[in-house]
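Trainee: Once you've had a glance at the structure underneath, I'll fire off some questions.
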Amino acid sequence: MWGRCPHLRGTSTSRSVVRTPRSACSPSVLSARRARSTAPRLQPARDFSSATLTRAASTQYQRVVRPDLVQAAIDGVGSPTGRARLGASKLLRDLSEQSPDLLYPHFDFFTALLASPNHILKWNATLTLANLAAVDREGRLDQILDAYLAPISGPNMIDAANAIRGAAVIALAKP
């Protein structure tokens, strides 16, 4: 059963008349809506005293990194929850732009992520490895370059785009 909602103000022209189910305007539904909108929202308790990175711009981090916590972020990539796994992966990618020397000892970890079935982990690993090219004194990136560039001719366009984007970063770091 449909009717005009008595709680909405407006003229009687056909454009401003809002038709709603009568049950949507019942007093119990309206009081529940008011209670939800006025109820204080609970925020989870967060302790930022041991924060490893602080945001300076939208995706830029200031260098407040403790090297022992880099391993914790790497362990986070193996987390069973997607939010933690992808957040840790993005954190490592952003960190590789600022401090590639901290992540270079974990080069093999990022190389292994290139074969991950999770495409987002693969994309972040691709861009992280590209950022590590600036500190690659041992030539480890040259050894995996064929596997790194393989997605370019593959079926997934986003994999290819990230490999091309990373190749540009590598070319700038290793002319």
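Trainee: So in region 104-139, with the set limited to residues that are assigned to a loop (DSSP other than H, G, I, E, B) and either within 15 Å of Ile164 (Cβ to Cβ) or touching a helix residue (DSSP H, G or I) at 6+ places or on another chain (Cβ under 6 Å) (or both), which one is most open to solvent (accessible area, probe 1.4 Å)?
Mentor: Top of the filtered list is Leu114.
Trainee: Also, quick follow-up: Just need a number here: residues in region 116-167 that are under 16 Å from Leu92 (Cβ atoms), more than 16 Å from the chain's Cα centre (by Cα) and not hydroxyl-bearing (Ser, Thr, Tyr).
Mentor: 8
Trainee: Working carefully through the options Asp101, Asp142, find the one that is in contact with a helix residue (DSSP H, G or I) (Cβ under 7 Å, 6 or more places away or on another chain), closer than 15 Å to Ala173 by Cβ and loosely packed, with under 15 Cβ neighbours inside 10 Å.
Mentor: Asp101
Trainee: Now a separate question. Out of all the residues in region 101-128, which are farther than 15 Å from Asp75 by Cα, hydrophobic (A, V, I, L, M, F, W, C) and touching a residue at least 40 places away in the same chain (Cβ under 8 Å)?
Mentor: Leu127
The values are calculated or read from the model by the stated rules, or taken from the named source; none is laboratory data. Keep in mind that what you see is a predicted model, and the values were worked out from it rather than measured. We place every Cβ from the backbone using ideal geometry, glycine too, and count neighbours over all the protein chains shown. Accessible surface areas use protein heavy atoms only, side chains included; no ligands, DNA or RNA. Shrake-Rupley method; radii C 1.70, N 1.55, O 1.52, S 1.80 Å.
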